[in-house]
Amino acid sequence: MSNTLNIALVQTHLVWENPIANRTNLAHKIQAISNDVDLVVLPEMFSTAFTMNASEISEPMTGKTVNWMIQQAKDNKVAIVGSLVIEDQNNFYNRLLFVYPDGTLNQYDKRHTFSLAGEDKIYTAGTKKLIVDYKGWKLCPMICYDLRFPVWTRNIEDYDALIYVANWPKIRIHAWDALLKARAIENMAYCIGVNRIGLDGNGYEYNGHTMAFDVLGNRKDTITESKETVEVISLSKDHINKNRKKFNFLEDQDHFQIK
């Protein structure tokens with residue numbers, strides 16, 4: 001068990017529906033990260049950007065991008081998390097993969113498909129929440145639109161950190177800013193959001209606002225510009241334990257189950 005967890009937040013431009021260019025760009029960024037990083041967080045659909053053209057750009061779980069993630073994790077001795085377009089048993093998924101340094105992986109399918117963009121008509125929604133156990137930390141990874149639904153992310157598992165990977169557009173970035181902070185405070189957990197920058201193939205602009213909050217809603221990162229950047233933040237178990245013991249808010253939450 002580690003008292004600290006060092007996480008690299010990768011805010012990057014994504015080339016529209018071009019997995020080769022995106023993998024190449026991200027490989028350079030990952031390889032340039034210092035050796036004391038435990039986890040690298042990539043944006044949503046990091047190999048293609050947020051596209052509804054799943055029939056043309058999807059990959060199987062044995063495909064090049066999944067294998068790329070596994071190889072990057074092994075070569076750099078670091079865990080990697082991000083989502084991509086997967087075809088599995090004749091269905092398309094916006095699937096998040098958490099790849100451990102030894103190449104093993106966990107998966108989470110986006111629960112809340114973004115109906116405004118028609119994602120619900122193309123991609124099959126997930127049904128299971130994922131809690132990752134990594135180096136003694138319990139991590140809850142989510143995807144973009146999931147951020148708007150606090151019931152789904154309620155901290156009933158005693159997780160330590162929420163991690164959102166996203167393609168969240170500039171036009172609604174104020175909601176992203178507010179909800180990331182709220183999720184941290186209400187769940188008494190670190191909350192990390194990694195968003196892309198640049199224009200996509202549909203002309204939507206993304207301005208980053210990648211950020212991380214501690215359990216009290218204080219910013220942990222120093223990212224202020226809408227440009228490509230990689231910032232490493234350090235999470236502390238002592239911070240979590242001290243504040244949960246002092247405030248004990250999670251013990252007072254409502255008890256119910258999602259059916």
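Could you check region 22-42 and list, in sequence order, the residues that are small (Gly, Ala, Ser) and more than 16 Å from Gly82 (Cα to Cα)?
Ala32, Ser34
Filtering region 187-216 down to residues that are of a type in the set (Val, Ile, Thr) and part of a loop (DSSP other than H, G, I, E, B), which residue is farthest from Asn25 (Cα to Cα)?
Val215
For Asn202, are the conditions met, namely being free of Cβ contacts under 8 Å to residues at least 12 places away in the same chain, out of contact with any strand residue (DSSP E or B) (no Cβ under 7 Å at 6 or more places or on another chain) and closer than 21 Å to Phe46 by Cα?
Answer is yes for this residue.
What's the number of the only condition in (1) closer than 19 Å to Gly217 by Cα; (2) over 15 Å from the mean Cα position of the chain (by Cα); (3) part of a helix (DSSP H, G or I) that Trp176 fails to meet?
It is condition (2) that Trp176 fails.
Could you please find all residues in region 217-254 being free of Cβ contacts under 8 Å to residues at least 60 places away in the same chain and either over 23 Å from the mean Cα position of the chain (by Cα) or part of a helix (DSSP H, G or I) (or both)?
His239, Asn241, Lys242, Asn243, Arg244, Lys245, Lys246, Phe247, Asn248, Glu251, Asp252, Asp254, listed by residue number.
Are any of the residues in region 236-243 surrounded by 14 or more Cβ atoms within 10 Å (Cβ to Cβ), out of contact with any Ser or Thr (no Cβ under 7 Å at 6 or more places or on another chain), within 19 Å of Val37 (Cα to Cα) and of a type in the set (A, V, I, L, M)?
no
Given the criteria surrounded by 18 or more Cβ atoms within 10 Å (Cβ to Cβ), touching a residue at least 24 places away in the same chain (Cβ under 8 Å) and on the phi < 0 side of the Ramachandran plot, does Ile163 qualify?
The answer is yes for Ile163.
Looking only at region 60-72, decide whether some residue is closer than 25 Å to Asn202 by Cα and either modelled with pLDDT under 95 or of a type in the set (A, V, I, L, M) (or both).
Taking every residue of region 60-72 in turn, none turns out to be closer than 25 Å to Asn202 by Cα and either modelled with pLDDT under 95 or of a type in the set (A, V, I, L, M) (or both).
Evaluate the following for Gly208: is it out of contact with any His (no Cβ under 6 Å at 6 or more places or on another chain) and not acidic (Asp, Glu)?
When the stated conditions are applied, Gly208 passes them.
Could you check, for region 34-44, whether at least one of its residues is over 19 Å from the mean Cα position of the chain (by Cα) and modelled with pLDDT of 95 or more?
No, region 34-44 contains no residue that is over 19 Å from the mean Cα position of the chain (by Cα) and modelled with pLDDT of 95 or more.
Are there any pairs with C-beta distances below 8 angstrom linking a residue in region 96-113 that is under 24 Å from Thr124 (Cβ atoms) to a residue that is surrounded by fewer than 19 Cβ atoms within 10 Å (Cβ to Cβ) and of a type in the set (D, E, K, R), with the two at least 6 apart or on different chains, and if so which?
Tyr108/Lys128; Tyr108/Lys129; Asp109/Lys128; Arg111/Lys129; His112/Arg148; Thr113/Asp120
Can you name the number of the only condition in (1) exposed (fewer than 14 other Cβ atoms within 10 Å of the Cβ); (2) within 30 Å of Val15 (Cβ to Cβ); (3) hydrophobic (A, V, I, L, M, F, W, C) that Met211 fails?
(1)
In region 120-159, which residue that is within 18 Å of Val85 (Cα to Cα) and part of a helix (DSSP H, G or I) is nearest to the chain's Cα centre (by Cα)?
Result: Cys144.
Just a yes or no: is a residue in region 61-68 closer than 18 Å to Asn25 by Cβ and touching a strand residue (DSSP E or B) at 6+ places or on another chain (Cβ under 8 Å)?
yes
List the number of the failed condition for Val165; all other conditions in (1) touching a Leu at 6+ places or on another chain (Cβ under 8 Å); (2) part of a strand (DSSP E or B); (3) over 20 Å from Tyr93 (Cα atoms) hold.
For Val165, the exception is condition (3).
If only one of Tyr145, Tyr164, Tyr190 is over 23 Å from Val37 (Cβ atoms) and modelled with pLDDT of 95 or more, which one is it?
Being over 23 Å from Val37 (Cβ atoms) and modelled with pLDDT of 95 or more holds for just one of Tyr145, Tyr164, Tyr190, which is Tyr145.
The values are calculated or read from the model by the stated rules, or taken from the named source; none is laboratory data. Being a predicted model, the structure only gives us computed values, none of them experimental. Quick reminder, even Gly has a Cβ in these numbers, built from the backbone with ideal geometry, and neighbours come from all protein chains shown.
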